[in-house]
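Notes for the one structure printed next.
The values are calculated or read from the model by the stated rules, or taken from the named source; none is laboratory data. The structure presented is a predicted model; accordingly, all values stated were derived computationally and were not measured. Here the Cβ positions follow ideal geometry from the backbone for every residue, glycine too, while neighbour counts run over all protein chains shown.
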Amino acid sequence: MEDKAQIEKQIQLLGEKFSDSGQNLGAYLDGLLYQRYLTYWDYIHLDTLLSLQVPRTHFPDEEIFIMYHQITELYFKLILHEQKQLVEDVSGNVVSFTEKLNRINNYYKALISSFSIMVRGMEPKQFMRYRMALLPASGFQSAQYRMIEIYATSMEQLVHATEREKFSSENTIEELYEHMYWKKGATEKTTGEKTLTLKQFEERYTPRFLRIAHQVKGNTIYDKYLNLPPERKDNKALRKALQLMDLNANVNWPLMHLGSAYRYLNRESQEIEATGGTNWKQYLPPGFQKIVFFPEVHNPETLENWGKQWVEHGLNPEKQH
């Protein structure tokens, strides 16, 4: 009898819900009678997911390469999912702010710890062969990673380190965008001309990047922090979460890539170019870029030594964990 009463109560509540929205409960109940039971494989579109790996060569390890990059992009999407909620939140709730930053840091933790798949999970000989079929595509062309940066901090913080002092928040989004640090990573070493990799990337994503930058101007995650009352800004848990996100995004994650690049692209006899022609030795080291999302939460010594660990990682890529 108790179960029946509970069911009747639930039906009553459902009736009120659908009535409030002008819907007919009976029609929805009919739908329940006819619809199939949900399965795990249908819910996550498993067959589609497993069909998305399409190698361009016959080398077995290329499939590992594809899958790992797809996994990476899914983690980037998770990070963006949290960032968008942070940007849209107007409550100023420090607990919620910190919780979402901790989620982001957990995603980075998974990404960083999994990068051994790229460093030691493929045969170098296979990689050096199938990579030639990927030209001019490059991991440089990850649009989601650029979006993560735009949501995180103001555009002037993303200007290349050699030019950053020339710019401020007074410059337009368009002016700042032309001097983003990552653009110098995809230019020809001798001529300074944009590579095809960069031209493709800008043509496809520039309008989206500019639109997002305008949407979040003055309202990035860093702005959210700066606009908190002083007593909330001093929250230790919040500051620690911001510090860790900064280090994960701008030091630890780039160091993983640097170690991988040294393993596969650095040879005693010659330096091998990345597939997109990126200047990886200049682009990847975080100590060169000095990109910091949230400068106010770090002490001067940390900022001065930002990313200097790259030397050890670069010279000892097998130390990656």
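Listed values, structure above:
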| item | result |
| --- | --- |
| Output for the stretch 135-152, where each listed residue is among the aromatic types (Phe, Trp, Tyr) and either buried (at least 21 other Cβ atoms within 10 Å of the Cβ) or modelled with pLDDT under 95 (or both) | Phe140, Tyr151 |
| Residue list for the stretch 206-222, restricted to those being assigned to a helix (DSSP H, G or I), of a type outside the set (A, V, I, L, M) and surrounded by 16 or more Cβ atoms within 10 Å (Cβ to Cβ) | Phe209, Tyr222 |
| Pair list, Cβ < 9 Å and 6+ apart or interchain, from the stretch 123-140 residues that are among the aromatic types (Phe, Trp, Tyr) to residues that are surrounded by fewer than 14 Cβ atoms within 10 Å (Cβ to Cβ) | Tyr130/Arg56; Tyr130/His58 |
| Any hit, the stretch 153-161, residues being surrounded by fewer than 16 Cβ atoms within 10 Å (Cβ to Cβ) and either of a type in the set (Lys, Arg) or more than 23 Å from the chain's Cα centre (by Cα) (or both) | no |
| Selected residue [touching a Leu at 6+ places or on another chain (Cβ under 9 Å), within 30 Å of Thr220 (Cβ to Cβ) and among the charged types (D, E, K, R)] from Glu82, Glu62 | Glu82 |
| Meets criteria (farther than 22 Å from Leu255 by Cα, at pLDDT 95 or above and either surrounded by 13 or more Cβ atoms within 10 Å (Cβ to Cβ) or not basic (Lys, Arg) (or both)) for Glu88 | yes |
| Residue list for the stretch 73-98, filter: within 19 Å of Glu149 (Cα to Cα) and free of Cβ contacts under 8 Å to residues at least 60 places away in the same chain | Leu74, Tyr75, Leu78, His81, Glu82, Gln85, Glu88 |
| Condition check for Arg103: surrounded by fewer than 19 Cβ atoms within 10 Å (Cβ to Cβ), basic (Lys, Arg) and modelled with pLDDT under 95 | no |
